[in-house]
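Working notes for the structure below.
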Ligand SMILES: O=C(O)c1ccccc1N[C@@H]1O[C@H](COP(=O)(O)O)[C@@H](O)[C@H]1O
């Protein structure tokens with residue numbers, strides 16, 4: 001089954017949509033410049049609206065961009081997370097340090113634009129648990145992700161990605177089946193594609209996206 005992560009959950013209706021659609025993962029954005037950013041306290045309120053991962057609910061992923069250890073600790077003091085998503089310029093050493101300090105799996109996001117970008121995966125593989133292979137931010141973008149930009153999914157076709165991974169970058173209900181098929185992706189992650197305005201999730205789009213993935217899977 002193709003895994004689904006819906007990122008940037010920041011209101012109860014979106015949380016309910018993720019729960020009802022039975023997406024495997026959700027993301028809370030702890031990066032203040034993002035329109036999807038929420039406080040740790042708000043994330044805790046939303047997290048309480050779905051069963052814990054251990055009870056069959058979605059894995060709670062905390063999205064950080066080059067965070068200090070203090071920043072991660074402050075979030076974890078308010079809301080338990082199941083995984084750290086590192087979406088900045090964190091080195092393998094930094095990923096290893098955060099993983100060891102907090103005892104949580106790490107998903108490292110890497111931007112892919114040309115085949116040579118895949119060379120970086122080898123250095124991270126020993127110290128991360130999952131990759132998120134995303135588009136690179138376009139010129140002038142203020143965010144390192146969440147920009148609704150796709151990349152050439154065929155760059156990933158047939159590649160030996162050395163960890164479990166998710167495909168991201170500009171995914172929508174309309175393109176996800178082709179993306180999964182072309183990249184051979186075992187899972188997908190999105191934010192903009194299920195929003196009615198930047199930073200505002202649309203529950204109906206979340207439901208439709210997850211349903212499309214379930215129906216299309218790898219063969220869509
Ligand atoms: O969503 C954000 O605001 C964000 C901010 C900073 C880093 C990453 C961010 N989002 C991640 O990017 C992918 C792709 O987003 P999109 O579907 O193209 O909008 C998203 O799934 C998040 O993991």
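Read-outs throughout are calculated quantities, based only on the coordinates presented, and are distinct from any laboratory measurement. Remember, predicted model here, so these are calculated numbers, not experimental data. So basically every Cβ, Gly included, is an ideal-geometry build from the backbone, and we count neighbours across all protein chains shown.
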One checks the Cα atoms of the stretch 26-145 and finds Rg and Dmax, in Å, of 14.5, 42
per DSSP, antiparallel bridges as share of beta bridges in the stretch 3-217, % nearest 5, sits at 5
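Work out, in µm²/s and without decimals, the Stokes-Einstein translational diffusion coefficient of the stretch 3-217 at 4 °C, 1.567 mPa s, Rh from Kirkwood over C-alpha pairs.
D, rounded to a whole number, is 76 µm²/s.
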Mind giving me the nanometre distance, one decimal, between the label points for residue 89 and residue 73, set 7 Å out from Cα along Cα→Cβ?
-> 2.5
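With contacts defined as alpha carbon pairs under 8 Å and 6 or more residues apart, what's the relative contact order of the stretch 93-197 in percent?
23
Among 133, 143, what is the fewest-to-most ranking by other Cβ atoms within 10 Å?
In increasing order of surrounding Cβ atoms, one gets 143, 133.
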Ascending count of other beta-carbon atoms within 10 Å, so fewest first, for 86, 63, 118 = 118, 86, 63
Extension gain, residue 154 back to residue 114 (0.36 nm per residue minus Cα-Cα distance, nm) = 13.4 nm
